[in-house]
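> Right, I'll just put the structure down here and ask away after.
The values are calculated or read from the model by the stated rules, or taken from the named source; none is laboratory data. It should be emphasised that the depicted structure is a prediction, and the values quoted were computed from it without experimental measurement. Reconstructed Cβ throughout: ideal geometry from the backbone, glycine too, with neighbour counts over all protein chains shown.
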């Protein structure tokens with residue numbers, strides 16, 4: 001894949017070329033959504049506030065920074081330009097309104113009512129540009145007792161019941177270490193915006209696309225929530241460590257000799273024969289009634305214990321080879337070091353060139369187009385590095401831009 005020296009020099013290609021997107025997002029869910037549209041060729045202007053901009057610039061993951069910004073920011077904001085604009089000022093809002101007249105999409109993830117206070121809510125901007133597609137992401141939505149609470153990934157996982165679906169009875173809740181709620185919400189709002197753009201081609205009008213992080217994580221749990229509601233008795237956590245109490249055994253992760261093996265769905269009769277463990281077939285036949293959740297948990301524990309004892313006899317690689325031949329869905333558990341050295345990962349890792357620091361490693365876009373075999377990718381912008389260029393591209397002349405800079409309405413940086 002191609003990379004460019006800076007965000008201002010990239011020439012976008014792809015199915016969204018010609019689409020202008022105003023990105024008023026921070027953190028992960030919003031920036032990942034707009035980055036994806038940028039990778040598809042859209043022209044993305046990231047509008048940041050004076051005083052530091054997107055807080056993810058200054059919130060490093062595991063303390064890791066790159067080129068003066070946190071890697072969290074660097075990896076979620078490629079294929080964008082940075083404009084620093086004070087939306088709390090009348091002049092700043094006037095600048096945004098002029099940009100909205102020319103834009104196709106605006107995405108924001110303010111807390112509910114903030115957009116209205118700033119005068120940049122959908123109703124206001126729809127009056128200015130009826131063709132504008134307006135994407136909004138919130139934690140819990142515009143109504144209800146949680147509407148003003150922070151929409152953060154771990155908090156949403158815990159609030160919606162997800163973290164009680166794994167682990168041990170009496171143990172701590174079992175959250176995902178990934179920002180899975182943010183990622184899902186980002187994909188959902190991107191899908192919604194693209195659908196609204198298609199609809200605009202028919203109706204000529206834009207619309208608002210609203211996604212909540214709570215809705216995103218509920219959709220991810222649609223199988224579990226429906227099964228819970230419809231069950232005679234819901235599953236409960238047992239004494240052995242479970243990946244998911246909603247999956248039938250042997251679903252889980254097992255200790256092996258110096259390594260670990262993950263097994264997804266597998267027939268216990270197949271495992272009984274392959275591992276010379278006839279008791280697994282007996283256990284399969286003795287599954288308790290679903291209405292007795294405690295008995296099912298004990299049954300699951302017994303299967304896990306039998307398998308765990310066997311798997312410790314050999315390394316995971318041995319069991320993976322043996323069971324894969326029999327059609328069992330399994331894999332050796334990797335850490336990042338092992339995974340990134342695996343030949344399967346080779347084409348998914350790319351080298352990017354940053355405008356002020358040189359090369360860094362990142363993850364390739366997850367969507368491929370037959371008409372775009374070699375998309376242009378350019379690095380996340382430095383804070384305010386494109387303010388002047390962006391405003392020029394939206395029709396503001398040099399004198400007007402100079403005035404905005406002098407008044408503090410716009411902040412520009414020479415970090416190109």
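> Take the stretch 115-150 and flag every residue that is on the phi > 0 side of the Ramachandran plot and without any contact (Cβ under 8 Å) to a residue 40 or more places away in the chain. Explain how you work it out, then say what you get.
Looking only at the stretch 115-150, we keep the residues that are on the phi > 0 side of the Ramachandran plot, and these are 119, 141, 144.
The answer is 119, 144.
> So residue 225 fits all but one of (1) touching a helix residue (DSSP H, G or I) at 6+ places or on another chain (Cβ under 7 Å); (2) assigned to a loop (DSSP other than H, G, I, E, B); (3) surrounded by fewer than 17 Cβ atoms within 10 Å (Cβ to Cβ); (4) not assigned by TED's automatic domain parsing to the domain that holds residue 328; what number is the exception?
Going through (1) touching a helix residue (DSSP H, G or I) at 6+ places or on another chain (Cβ under 7 Å); (2) assigned to a loop (DSSP other than H, G, I, E, B); (3) surrounded by fewer than 17 Cβ atoms within 10 Å (Cβ to Cβ); (4) not assigned by TED's automatic domain parsing to the domain that holds residue 328 one by one, residue 225 breaks only (2).
> Filter the stretch 278-289 for residues that are surrounded by 14 or more Cβ atoms within 10 Å (Cβ to Cβ) and outside any helix (DSSP H, G or I) and give the result. Write out each step before concluding.
Looking only at the stretch 278-289, we keep the residues that are surrounded by 14 or more Cβ atoms within 10 Å (Cβ to Cβ), and these are 280-281, 283-284, 287-288.
Within the stretch 278-289, 287, 288 qualify.
> It is to be established whether one or more residues within the stretch 310-320 are at pLDDT 95 or above, in contact with a strand residue (DSSP E or B) (Cβ under 8 Å, 6 or more places away or on another chain) and under 30 Å from residue 229 (Cβ atoms).
Checked against the condition, which is being at pLDDT 95 or above, in contact with a strand residue (DSSP E or B) (Cβ under 8 Å, 6 or more places away or on another chain) and under 30 Å from residue 229 (Cβ atoms), the stretch 310-320 yields no hits at all.
> Identify, from the list 38, 52, 30, the residue that is surrounded by fewer than 24 Cβ atoms within 10 Å (Cβ to Cβ), touching a residue at least 40 places away in the same chain (Cβ under 8 Å) and in the same structural domain as residue 189 (by TED's automatic domain parsing).
Numbers: 38 fails: surrounded by fewer than 24 Cβ atoms within 10 Å (Cβ to Cβ); 30 fails: surrounded by fewer than 24 Cβ atoms within 10 Å (Cβ to Cβ).
Exactly one of 38, 52, 30 is surrounded by fewer than 24 Cβ atoms within 10 Å (Cβ to Cβ), touching a residue at least 40 places away in the same chain (Cβ under 8 Å) and in the same structural domain as residue 189 (by TED's automatic domain parsing), namely 52.
> A further question on this structure: Tell me yes or no: at least one residue of the stretch 166-176 is closer than 30 Å to residue 365 by Cβ and in the same structural domain as residue 122 (by TED's automatic domain parsing). Give the derivation first.
Just the residues of the stretch 166-176 that are closer than 30 Å to residue 365 by Cβ, to begin with: 175-176.
Narrowing further to those that are in the same structural domain as residue 122 (by TED's automatic domain parsing): 175-176.
Yes, the conditions are met somewhere in the stretch 166-176.
Residue-by-condition table, conditions (1) modelled with pLDDT of 95 or more; (2) within 25 Å of the chain's Cα centre (by Cα); (3) closer than 22 Å to residue 115 by Cβ:
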{"position": "145", "(1), (2), (3)": "yes, no, yes"}
{"position": "159", "(1), (2), (3)": "yes, yes, no"}
{"position": "168", "(1), (2), (3)": "yes, no, no"}
{"position": "172", "(1), (2), (3)": "yes, yes, no"}
{"position": "188", "(1), (2), (3)": "yes, yes, yes"}
{"position": "198", "(1), (2), (3)": "yes, yes, no"}
{"position": "205", "(1), (2), (3)": "yes, no, yes"}
{"position": "218", "(1), (2), (3)": "yes, yes, no"}
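> Now for a separate question. Any idea which residue in the stretch 152-208 is nearest to residue 238 (Cα to Cα), counting only those that are touching a strand residue (DSSP E or B) at 6+ places or on another chain (Cβ under 8 Å) and not in a helix (DSSP H, G or I)?
In this case the residue turns out to be 168.
> I want to confirm something. Restricting to the stretch 229-243 and keeping residues that are touching a residue at least 40 places away in the same chain (Cβ under 8 Å) and farther than 30 Å from residue 260 by Cα, which single residue is surrounded by the fewest Cβ atoms within 10 Å (Cβ to Cβ)?
Restricting attention to the stretch 229-243, the residues satisfying the condition of being touching a residue at least 40 places away in the same chain (Cβ under 8 Å) are 231-243.
Adding the requirement that they be farther than 30 Å from residue 260 by Cα leaves 231-233.
Working: 231: 13, 232: 9, 233: 13.
Top of the filtered list is 232.
> Condition first: in contact with a helix residue (DSSP H, G or I) (Cβ under 7 Å, 6 or more places away or on another chain), assigned to a helix (DSSP H, G or I), more than 29 Å from residue 138 (Cβ to Cβ) and touching a residue at least 24 places away in the same chain (Cβ under 8 Å). Can you find one or more residues in the stretch 270-277 that meet it? Steps first, please.
Residues of the stretch 270-277 in contact with a helix residue (DSSP H, G or I) (Cβ under 7 Å, 6 or more places away or on another chain): 271-272, 274-275, 277.
Next, only the ones that are assigned to a helix (DSSP H, G or I) stay: 271-272, 274.
So of that shortlist, the ones also more than 29 Å from residue 138 (Cβ to Cβ) come out as 271-272, 274.
Of the ones still in play, those that are also touching a residue at least 24 places away in the same chain (Cβ under 8 Å) are 271, 274.
Checked the stretch 270-277: at least one residue is in contact with a helix residue (DSSP H, G or I) (Cβ under 7 Å, 6 or more places away or on another chain), assigned to a helix (DSSP H, G or I), more than 29 Å from residue 138 (Cβ to Cβ) and touching a residue at least 24 places away in the same chain (Cβ under 8 Å).
> Follow-up. Tell me which strands (runs of 3 or more DSSP E) are completely within the stretch 347-387 and hold 3 or more residues being within 19 Å of residue 42 (Cβ to Cβ), or say none if there are none. Spell out how you get there, then give the answer.
On the way: elements: 349-354, 358-363, 376-378.
Here the list reads 376-378.
> Just to verify a result, which residue in the stretch 308-332, among those that are closer than 27 Å to residue 237 by Cβ and touching a helix residue (DSSP H, G or I) at 6+ places or on another chain (Cβ under 7 Å), is surrounded by the most Cβ atoms within 10 Å (Cβ to Cβ)?
The extreme case among them is 319.
Rundown of residues vs (1) outside the structural domain of residue 47 (by TED's automatic domain parsing); (2) over 22 Å from the mean Cα position of the chain (by Cα); (3) surrounded by fewer than 14 Cβ atoms within 10 Å (Cβ to Cβ); (4) closer than 23 Å to residue 54 by Cα, yes/no style:
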| position | (1), (2), (3), (4) |
| --- | --- |
| 361 | no, no, yes, yes |
| 372 | no, yes, no, no |
| 383 | no, yes, no, yes |
| 388 | no, yes, no, yes |
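> I'm checking my understanding of the structure. Among residues of the stretch 319-331 that are part of a helix (DSSP H, G or I) and touching a residue at least 40 places away in the same chain (Cβ under 8 Å), which one is nearest to the chain's Cα centre (by Cα)? Spell out the reasoning first.
Keep residues of the stretch 319-331 that are part of a helix (DSSP H, G or I), which gives 319-325.
Still in the running and touching a residue at least 40 places away in the same chain (Cβ under 8 Å): 319-320, 322-323.
Details: 319: 33, 320: 30, 322: 35, 323: 33 Å.
Out of the qualifying residues, it is 320.
> Across the stretch 293-314, what is the number of residues that are under 37 Å from the mean Cα position of the chain (by Cα) and either on the phi > 0 side of the Ramachandran plot or part of a loop (DSSP other than H, G, I, E, B) (or both)?
2
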